[in-house]
Ligand code: SF4
């Protein structure tokens with residue numbers, strides 16, 4: 001397995017009306033949800049290996065729940081070498097509350113074995129390219145993009161359910177396939193902004209552009225959004241009201257897929 005960081009294919013940013021609108025949306029989101037990818041990521045971790053584990057655990061699970069189990073997991077298994085040698089049944093007991101714990105434990109151990117073969121996941125040996133990362137058991141494109149953008153400082157735009165929904169409502173894509181949505185969004189913002197755009201769309205999708213009823217009247221993007229009246233035509237949400245006066249995002253929103 002090659003161990004060099006990959007350069008994404010050369011992309012040409014859209015500089016037409018859509019590109020200009022995307023730039024404005026990105027800027028407004030940055031004002032509303034400030035911080036680096038590492039600061040915006042709600043999954044507690046130290047280094048790419050721990051983030052890889054936490055992101056695998058975050059499937060169908062909240063970031064808060066993942067953050068509750070990872071301290072004990074990382075205390076028991078300090079690195080890929082230790083987790084590679086673990087009994088999956090013992091791993092299951094530590095991660096049971098995250099759901100789908102049998103398959104997650106299997107993936108964690110298998111992924112760690114693959115990493116251990118590279119050199120116990122030391123910084124110099126840790127895989128960085130999309131191809132390398134997605135070749136690991138349990139690691140899909142979304143998880144690989146999380147690790148690249150948050151832990152490795154490389155271009156990566158994870159597409160989760162919030163990114164899918166919000167980017168389509170904003171008219172930034174017409175697609176529903178995550179890979180195509182990723183490509184559309186990556187063509188609209190510079191690659192250094194891919195990871196933070198994803199994390200901010202997730203924040204926005206959790207706090208304002210909620211699935212049940214988008215709170216368009218409280219949305220900083222309303223003037224730029226072709227779906228801005230959508231919330232008025234849907235049943236009332238039972239969620240808490242959100243207003244523009246909110247200044248800091250909840251740490252609930254994170255990178256987890
Ligand atoms: S204006 Fe409404 S539909 Fe558009 S992004 Fe904001 S909350 Fe979502």
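For the stretch 40-151, averaging the sequence separation of C-alpha pairs within contact (under 8 Å, six or more residues apart) and dividing by the residue count gives a relative contact order of 28 percent. Oblate is the label for the stretch 85-177. Its Cα gyration tensor axes, ordered a ≥ b ≥ c, give a/c of at least 1.5 and b/c at or above a/b. Measuring spread by the Cα atoms of the stretch 40-151 yields a radius of gyration and Dmax of 12.4, 33 Å. Here the peptides 179-185, 222-228, 56-62 are ranked by packing, the mean other Cβ count within 10 Å, and the order with the highest first is 56-62, 179-185, 222-228.
Readers should treat all values here as calculations from the given coordinates under stated rules, not as data from a laboratory. These numbers come from a predicted model, not from an experiment. All Cβ positions, glycine included, derive from the backbone under ideal geometry; neighbour counts span all protein chains shown.
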